[in-house]
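Taking it in order: structure first as structure tokens, then the write-up.
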Amino acid sequence: MGNSFKLEFEDGTTETLMCEIAPPKDVVQFVAGTTDPVNTTGLKHQANKEYWEGVDNFWAGVKELKPQYLDLHIDDGYFSWSGDNSTEERTKGAQRLHDLLLRVYSNWKQKEVHFHLVGHSHGGNVINQFTNIIAESADFPEFWQIKSITYLSTPFFKEQHQLNHTKLHPDCKIINVHNDYDITQRIVADYTVKNLEYLIGDFIEFDRMKAAAEEVMAMDLVAVYKDAGFIVNNHTEGPAVWRATRDFLVQGEIIMDVIQKNLAFISTRAKVSVEKQEFLSIINDLHQLLIQRINVLTGNLTDRDGGYGWTELWEDVRIYDLMPLVNRILRMPTDESDSFLLSFLNNVFLEEENGLLDKIDDTSTSPKNQVNGAFTIEDFDITELDPYHSRGKKSDFEKFATGIEDVQKRADDNTLREILMRMISQFIDPEVLQGAIDKINTMEWIMVGDWDDQLKEARGNLERYHTLVSRYYANLVTEEDKNNEELEIKPGSIPYLAMVAHSLSHTQLWDSDKHNVKKALTDSFSSGENPGYQQ
């Protein structure tokens, strides 16, 4: 780039000098978020290469641009932060980014540098917080500016992590990529948490619990009991009934064991609420009782002293001890407001001193309010490119999503309980739950006295849960996908909507006529195209 300067001497003569002024350097910096909205993997400080890994993803696509420009530099995995969904961790991440850029590009402090920041999920909020840090930093070089920010599925807060315009270039471009099916951006990210590591930092054996729950649902105790009839044959029917019951309790013990291990953090706190104390006590009693009953049933699988019969089975199972514990957990006299389980979960999140929720801050899928008209926003809606869109479930999904969003706006004492119930309902098919109720109805023919009363109480609780599940179940997964065993995560399921749909924005560098994010980004580069580049 040539520029001329005219020098004027004391004798009145002049001389024109030509000099070359280097164009600004372009630096693309990636800031990871978390594909999993609550970081259940427990992974900390994932390197960018790991987070953005893949053949055709956004990071790989941008890397291919490097030789096409004269002075383009692209982060090669230096930066990382915890990825946790907390205000404190995002702020720490922003400070780490500030410190890293000063170290990595220390030789360029007197040069003009244009930064192009790309953030996925809460990585975008780390970037926003970074703009606040550099606005106040005496160390941030005078000639460094942000020339573009690319937000990939970033949830934009109303209060936290606002965009500071001070160090943004006058021609800074804001690029926003979002997906309507992304419930992390639309719903989950509203809830900023604290103390999360106490809950999920050591989260273990979830797959073991899931497998046990699937085993329980596949079992048909009623059929085994019906085959035995009113009189249980000591030699064949008795051992079969005992074995089926033992196997059922074994799976229940696995579920209790995993729950107890993952809730152990509660009892380590200095202060434990009444609700949490009661829940932990029930889980512990239930777990210990299951272990005892499994041992008894195992010992009586053959040649049981006193023979086999229904009265003997209930004595070995001690259902009169077991059912009251189950009913305490299932207790729901009317609806969400008095559900014991939902009230416990509500307390886990909202307890004043030890709750997991630090802040509830309504999020948006657009940075419009943060930009406030000062810069150009290029918006890319990739909803129709989500594979789930082909399932024809958009209206069902929107009914589900807007239902939760409306509850959030209501913001009363029952809000979180209802949101939890709406979410939980997507994991439970109303027909399956009705089947469990029908099984209880069938079992009543062999129950008398207090045992029968306990079953009636369980049935009543399950029926009230069934009413809520039927109301909130959105049928988001197609029958074809439900039956497709090759699909580990079913399109339309909560894990899909929270993680897969949330990740779609960075799975590739969008480069099409309708969604040309690549062009939007490269149009903001300042160093100029490389005339010698050959594709």
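The values are calculated or read from the model by the stated rules, or taken from the named source; none is laboratory data. These numbers were taken from a predicted model, which means no experiment stands behind them. All Cβ positions, glycine included, derive from the backbone under ideal geometry; neighbour counts span all protein chains shown.
Say whether the condition of being outside any loop (DSSP other than H, G, I, E, B) and touching an Asp or Glu at 6+ places or on another chain (Cβ under 6 Å) is met by at least one residue in the stretch 264-283.
no
So Gln434 clears everything in (1) farther than 21 Å from Val177 by Cα; (2) modelled with pLDDT under 95; (3) crowded, with 19+ Cβ neighbours inside 10 Å except one condition, right? Which one?
(3)
Considering only the stretch 87-132, state which residues are over 26 Å from Phe157 (Cβ atoms), touching a residue at least 60 places away in the same chain (Cβ under 8 Å) and not in a strand (DSSP E or B).
Within the stretch 87-132, Tyr105, Trp108, Lys111, Glu112 meet the criteria.
Six or more apart or on different chains, Cβ under 8 Å: which pairs go from a residue in the stretch 458-476 that's within 17 Å of Pro324 (Cα to Cα) to one that's not in a helix (DSSP H, G or I)? Could you list them?
These pairs meet every condition: Asn461/Arg331; Asn461/Met332.
Could you pull out every one of the helices (runs of 4 or more DSSP H) wholly within the stretch 448-535 that has 1 or more residues that are of a type in the set (A, V, I, L, M) and either more than 30 Å from Arg417 (Cβ to Cβ) or touching a helix residue (DSSP H, G or I) at 6+ places or on another chain (Cβ under 9 Å) (or both)?
449-472, 517-522
I'd like to check which helices (runs of 4 or more DSSP H) are fully inside the stretch 149-252 and have at least 3 residues that are among the small types (Gly, Ala, Ser).
206-218
Would you tally the residues in the stretch 311-347 being in contact with a Gly (Cβ under 7 Å, 6 or more places away or on another chain) and modelled with pLDDT under 85?
So the answer is 0.
What number goes with the only condition from (1) farther than 23 Å from Glu336 by Cα; (2) surrounded by fewer than 17 Cβ atoms within 10 Å (Cβ to Cβ) that Ala411 does not pass?
Of the numbered conditions (1) farther than 23 Å from Glu336 by Cα; (2) surrounded by fewer than 17 Cβ atoms within 10 Å (Cβ to Cβ), the odd one out for Ala411 is (1).
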